[in-house]
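*Asks:* Okay, handing you the structure first.
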Amino acid sequence: MNPFPTTVRIVEVGPRDGLQSISSRIPTDAKIKYINLLSEAMLPEIEVTSFVSPKWIPQLSDAMDVSAGIIKHKNIRYTALVPNIAGLTNALESGYDSVAVFIAASETFSQKNTNCSIPDSLERMKIMQPKWAEHFIHVRGYISTVWECPYEGKTHAEKVLPIIDSLFELGVREISLGDTLGKTHPGNVKSLLDAILKRWPVNQFALHFHDTYNLALKNVEVGLEYGISTFDSSAGGVGGCPYAPGSAGNIRTENILDLCNKFNIQTGINKNNLIKAASHIQQYID
Ligand code: HMG
Ligand code: MG
């Protein structure tokens, strides 16, 4: 078992994961203000938006305008989610030096979310790789449905491990393990981490829990026990994935901060400013 971390790094995914499934259109200016408020809360990394097909995720079709409008702080990493070379090209044109790519551990979710198989997702990444290498881009990789798939049920570790291998071979620096449905529980989290951390160092992984069944905080605690020190979350817990029916928003960033305070773990985040950001965006969400 790795030691309990003394600092935790939050990747704030509210502006991307939080907003992507909100059906009523949120004005671009409101998103820019939200991200600026999150920057004032000193989140170490903010996932600003995604450069995906506007037909698939209409809410984030203003990705370029949002990216151009925000005020960037020098100590914060700003990341954009990209599904393919077109998205990566747009992200680079919008000034990003950090992107996140995504793939699923279950075939049906891969098809529903990206209209392609798992091997084809890897092919898309292979096409992107020379470009991200040439521009020295920091690349984070999400693996969705690592514990549960909304269509196929339980995911076995044997499906996840080869994908991790492939992502690291492509130069992905950090892998975020996604409980897309928010259904996993501490026992499942432990067994996957046991399998993964036998093979790779703990500091190469982050955990990404949606909080559909109120299990996310317990799962974060398990992650801490295993020495994981990067967690994805969303201020106010907004959001979900439109291609994972029934899934709720990400775990609230505030809840992780409270847990870290309890264990005397530093995060560097200003909670009052975080709450201001969450209340600002909440007025645009039904
Ligand atoms: P496709 O329809 O198979 O793509 O979609 P295509 O290559 O056949 O292109 C079709 C049209 O889309 C063309 O336009 C392309 O130009 C356009 P048309 O000729 O019809 O006018 N297009 C694009 N436009 C803008 N930006 C692009 C782009 N690519 C193609 N990048 C595609 C394939 C991957 C694009 C689509 O399936 C897609 O955008 N999927 C993204 C869905 C998504 O964003 N899901 C949520 C994010 S993942 C998530 O939430 C999980 C996570 O949080 C972790 C977890 O919780 O587990 C990360
Ligand atoms: Mg997610």
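*Asks:* If S233 meets every condition in (1) crowded, with 20+ Cβ neighbours inside 10 Å; (2) in contact with a Phe, Trp or Tyr (Cβ under 7 Å, 6 or more places away or on another chain) apart from one, which number is that one?
*Replies:* (2)
*Asks:* Sort out which residues of segment 244-279 are within 16 Å of ligand 1 (Cβ to nearest atom), touching a helix residue (DSSP H, G or I) at 6+ places or on another chain (Cβ under 9 Å) and open to solvent by 20 Å² or more (accessible area, probe 1.4 Å), and write them in order of number.
*Replies:* A248, R252
*Asks:* What tally of residues in segment 99-121 results from selecting those that are surrounded by fewer than 18 Cβ atoms within 10 Å (Cβ to Cβ) and either of a type in the set (G, A, S) or farther than 18 Å from L181 by Cβ (or both)? Full working, then the answer.
*Replies:* So the first thing to find is which residues in segment 99-121 are surrounded by fewer than 18 Cβ atoms within 10 Å (Cβ to Cβ), and the list is 107-108, 111, 115-117, 119-120.
Keeping just the survivors that are either of a type in the set (G, A, S) or farther than 18 Å from L181 by Cβ (or both) gives 115-117, 119-120.
Matching residues across segment 99-121 total 5.
*Asks:* Can you pull out the residues in segment 166-195 that are among the acidic types (D, E), out of contact with any Lys or Arg (no Cβ under 7 Å at 6 or more places or on another chain) and either crowded, with 17+ Cβ neighbours inside 10 Å or closer than 17 Å to M128 by Cα (or both)?
*Replies:* In the first step, residues of segment 166-195 are kept if they are among the acidic types (D, E); the result is 169, 174, 179, 194.
If we keep only those that are out of contact with any Lys or Arg (no Cβ under 7 Å at 6 or more places or on another chain) as well, we get 169, 179, 194.
Residues satisfying the conditions are E169, D179.
*Asks:* If we keep just the residues of segment 69-93 that are among the hydrophobic types (A, V, I, L, M, F, W, C), touching a helix residue (DSSP H, G or I) at 6+ places or on another chain (Cβ under 9 Å) and not in a loop (DSSP other than H, G, I, E, B), which is most open to solvent (accessible area, probe 1.4 Å)? Let's see the steps before the verdict.
*Replies:* First, pick out the residues of segment 69-93 that are among the hydrophobic types (A, V, I, L, M, F, W, C): 70-71, 76, 80-82, 85-86, 88, 91-92.
Checking which are touching a helix residue (DSSP H, G or I) at 6+ places or on another chain (Cβ under 9 Å) leaves us with 70-71, 76, 80-82, 85, 88, 91-92.
Cutting the leftovers down to not in a loop (DSSP other than H, G, I, E, B) gives us 80-81, 85, 88, 91-92.
Details: A80: 0, L81: 9, I85: 64, L88: 0, A91: 0, L92: 38 Å².
Going through the qualifying residues, I end up with I85.
*Asks:* Identify the single condition in (1) β-branched (V, I, T); (2) at pLDDT 95 or above; (3) surrounded by fewer than 24 Cβ atoms within 10 Å (Cβ to Cβ) that I35 does not satisfy, given that it satisfies every other one.
*Replies:* Against the list (1) β-branched (V, I, T); (2) at pLDDT 95 or above; (3) surrounded by fewer than 24 Cβ atoms within 10 Å (Cβ to Cβ), I35 comes up short only on (3).
The values are calculated or read from the model by the stated rules, or taken from the named source; none is laboratory data. Here the structure is a predicted model, which means the values were calculated and not measured. We place every Cβ from the backbone using ideal geometry, glycine too, and count neighbours over all the protein chains shown. The accessibility values were calculated without ligands, DNA or RNA, using every heavy atom of the protein model including side chains. Shrake-Rupley method; radii C 1.70, N 1.55, O 1.52, S 1.80 Å.
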